[in-house]
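Report on the structure given below.
The values are calculated or read from the model by the stated rules, or taken from the named source; none is laboratory data. Keep in mind that this is a model prediction, so the values were computed, not measured. Positions of Cβ are backbone-derived with ideal geometry, glycine not excepted, and every protein chain shown enters the neighbour counts.
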Amino acid sequence: MQVCIMAEKQGHMLTSIPMAGPHHLTVEQVEDEQRLVLAAQKDPRQFEPLYTRYYERIAQYLYHRVENKDLAFELTAHVFYKALENLSRYKPMGVPFSAWLFRIAGNELNQWYRKNKTRRTISIDEEGINYLKQDLDDTVRQERESLLIEALQQLDEADVELVHMRFFEKRNFREICDILEIGESACKMRLYRILEKLKLVMKAMAEK
C-alpha cells in the first residue's frame, strides 16, 4: 500500500513540539532511565515520570502519521495504557525506554490503519525535503520539490517510514535501529537502496 505524503501544517500545537533534541542517550542517561522503569515496575504509581518525559514525543510521532490532533491524542493514550499494562514484561536491553514506546506506538498505528482501512499519511516539511535532497546526486537535487514528493509516494510503507524517521524526524541511525530492531549496517544499506530507488524514479519522471 502506498502512503499519502502531506505538507506539514504550520503553527499547529503538535508540530511545534520539538523532537526532543539529540535522540541518543548516554550510558548514564540510559541507566538513570532504567532506574525509573524499575521503580514503576515495583509500583505503577511511579510510571508518571516516564509518562511525562515521553508523552509529547509519542504524541508528535503519531500526529505526523495521522494528521489528526484528536486521533493522535487518542492513540497516544492507548500507547501509554499498553505500556503500563505490559511494563512487568519489559526487560532492559541497554537501549532507551523510548524505543520500546515507539514500537508500541507503531503497533497501535498499524492496528488503527488495518481496522479503518485508511490510506497511511506521512507529514513532511521543507526543511526535511532539503535535508533529503542533500543525500541525492546533483542531477536529482535540481528537480522540482513536487517531483520528489511524487517519487516518495511510489515507495512502500516500510521504506517511507525509514526515510521519514531519518530525514524528517532527523533521528540518528542508533535510535532508528533501536526502534526497528535491526542492525546499523543493515539499516544504512537499506536506506542507501531506498535513495537509489528514489533517484531512478525521479529521473524517469523528469524524462516524461
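Within region 157-174, does at least one residue satisfy the condition of being in a loop (DSSP other than H, G, I, E, B), of a type outside the set (D, E, K, R) and under 30 Å from GLY94 (Cβ atoms)?
So far as region 157-174 goes, yes, one or more of its residues are in a loop (DSSP other than H, G, I, E, B), of a type outside the set (D, E, K, R) and under 30 Å from GLY94 (Cβ atoms).
Starting from residues that are without any contact (Cβ under 8 Å) to a residue 12 or more places away in the chain and not in a helix (DSSP H, G or I), keep the ones in region 89-127 and report whichever is farthest from TYR54 (Cα to Cα).
Checked region 89-127; the qualifying residue farthest from TYR54 (Cα to Cα) is LYS117.
For the list (1) under 20 Å from THR121 (Cβ atoms); (2) touching a Cys at 6+ places or on another chain (Cβ under 6 Å), I need the number of the one condition that GLN153 fails.
For GLN153, the exception is condition (2).
Regarding ASP43, is this residue at pLDDT 95 or above and not polar (S, T, N, Q)?
yes
If ILE182 passes every condition in (1) assigned to a helix (DSSP H, G or I); (2) hydrophobic (A, V, I, L, M, F, W, C); (3) without any contact (Cβ under 8 Å) to a residue 24 or more places away in the chain but one, which one does it miss?
Of the numbered conditions (1) assigned to a helix (DSSP H, G or I); (2) hydrophobic (A, V, I, L, M, F, W, C); (3) without any contact (Cβ under 8 Å) to a residue 24 or more places away in the chain, the odd one out for ILE182 is (1).
Working carefully through the options MET165, MET202, find the one that is under 19 Å from the mean Cα position of the chain (by Cα), of a type outside the set (Val, Ile, Thr) and surrounded by 15 or more Cβ atoms within 10 Å (Cβ to Cβ).
Being under 19 Å from the mean Cα position of the chain (by Cα), of a type outside the set (Val, Ile, Thr) and surrounded by 15 or more Cβ atoms within 10 Å (Cβ to Cβ) holds for just one of MET165, MET202, which is MET165.
So which residues in region 52-68 are out of contact with any strand residue (DSSP E or B) (no Cβ under 9 Å at 6 or more places or on another chain) and exposed (fewer than 15 other Cβ atoms within 10 Å of the Cβ), if there are any at all?
Across region 52-68, the qualifying residue is only THR52.
Identify, please: which residue in region 174-193 is under 12 Å from the mean Cα position of the chain (by Cα) and farther than 21 Å from TYR113 by Cα and is, among those, surrounded by the fewest Cβ atoms within 10 Å (Cβ to Cβ)?
CYS177
For the subset of region 40-70 comprising residues that are in contact (Cβ under 8 Å) with a residue 40 or more places away in the chain and farther than 23 Å from ILE176 by Cα, which member is nearest to the chain's Cα centre (by Cα)?
Taking the candidates together, the pick is LYS69.
Regarding GLN29, is this residue over 18 Å from ILE104 (Cα atoms), out of contact with any Gly (no Cβ under 6 Å at 6 or more places or on another chain) and at pLDDT 95 or above?
When the stated conditions are applied, GLN29 does not pass them.
Which of the numbered conditions does LEU36 fail, given that it passes all the others? Conditions: (1) modelled with pLDDT under 90; (2) surrounded by 12 or more Cβ atoms within 10 Å (Cβ to Cβ); (3) over 21 Å from the mean Cα position of the chain (by Cα).
Result: LEU36 passes all but (1).
Looking at region 150-181 only, could you name the residues that are of a type in the set (A, V, I, L, M), in contact with a helix residue (DSSP H, G or I) (Cβ under 8 Å, 6 or more places away or on another chain) and within 19 Å of ASN110 (Cβ to Cβ)?
The answer is LEU155, VAL160, LEU162, VAL163, MET165, ILE176, ILE179, LEU180.
Tell me which residues, restricted to region 73-92, are among the small types (Gly, Ala, Ser) and either within 10 Å of GLU108 (Cβ to Cβ) or modelled with pLDDT of 95 or more (or both).
ALA77, ALA83
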